[in-house]
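The values are calculated or read from the model by the stated rules, or taken from the named source; none is laboratory data. Keep in mind that what you see is a predicted model, and the values were worked out from it rather than measured. Ideal geometry is used to build each Cβ from the backbone, glycine not excepted, and the neighbour counts take in all protein chains shown.
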Amino acid sequence: MGVKQVIKNLDAFPRAEDHLLQKTQSGAVVSIVGLFIMATLFLHELTYYVSTYTVHEMAVDLKRGETLPIHINMSFPSLPCQVLSVDAIDMSGKHEVDLDTNIWKLRLSREGVIIGTEYLSDLVEKGHTSHNHENETDHHHAKVHLDKFDDEAENMIKTVKQALANGEGCRVYGVLDVQRVAGNFHISVHGLNIFVAQMIFEGATHVNVSHVIHDLSFGPKYPGIHNPLDDTNRILHGASGTFKYYIKVNSHVHLSQKKFLPYNKYSFFSSI
């Protein structure tokens, strides 16, 4: 056997026999079916590669000692800024005394136009007993104060009455930092001395707590989320009442391109 013959035997692509090169109808069918299967598998794998899948997992939140920012943006069309106050209380019943507040109040005209701005450095109440009107000592001090109103209290009463007559409202917005525990916060007129409030409103039935919630969210802002209470209107006509919102906040973490984006969602029900 010569060298040329040995080299030919090493050919990995020998010529096919003539009968294998003949085109038939059955061969065409097999070719079409094979191409269809290959195209289907390719498209399936490509779709799987470029698609995003959402996986939901539930775990216990182990964070402790951190604060939760509450973003507030609300309007009270029938209450002047001078009478509105905010306080927060945790599940133990104690008022938070070291809350970092960054809250502003905007005076609104009857038409809703901003006519003044005020920064609230003392917006959060510092003592739980200061508003316990059932305590006899508080009643005693209140009665003494009623008999001897100072000029500041009298001027406040006149100013608030004039604001009520002019139809002034108030917009409260900013961030309230609270502990990550069960609790509640209030925006109302309860910060007033009970006798001062009586002289201003002449009875609880004249306190109109109508409000518009432009934005209420918990924790870091997350783009594209519409919170359940956003753009909520609660308007009273010729009546008074107390609106209560019972909110359950759940923390979430979105993992996108190996980046953790924490955010919070909440559900609620309300009563009046």
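If you go through the range 165-206, how many residues are surrounded by fewer than 19 Cβ atoms within 10 Å (Cβ to Cβ), outside any strand (DSSP E or B) and either out of contact with any helix residue (DSSP H, G or I) (no Cβ under 8 Å at 6 or more places or on another chain) or hydrophobic (A, V, I, L, M, F, W, C) (or both)?
Going through the range 165-206 one residue at a time, the tally reaches 15.
Restricting to the range 8-35, give me the number of residues that are modelled with pLDDT of 80 or more and either under 60 Å from the mean Cα position of the chain (by Cα) or in a helix (DSSP H, G or I) (or both).
11
Could you please give the count of residues in the range 215-252 that are over 16 Å from Gly183 (Cα atoms) and outside any strand (DSSP E or B)?
Of the residues in the range 215-252, 21 are over 16 Å from Gly183 (Cα atoms) and outside any strand (DSSP E or B).
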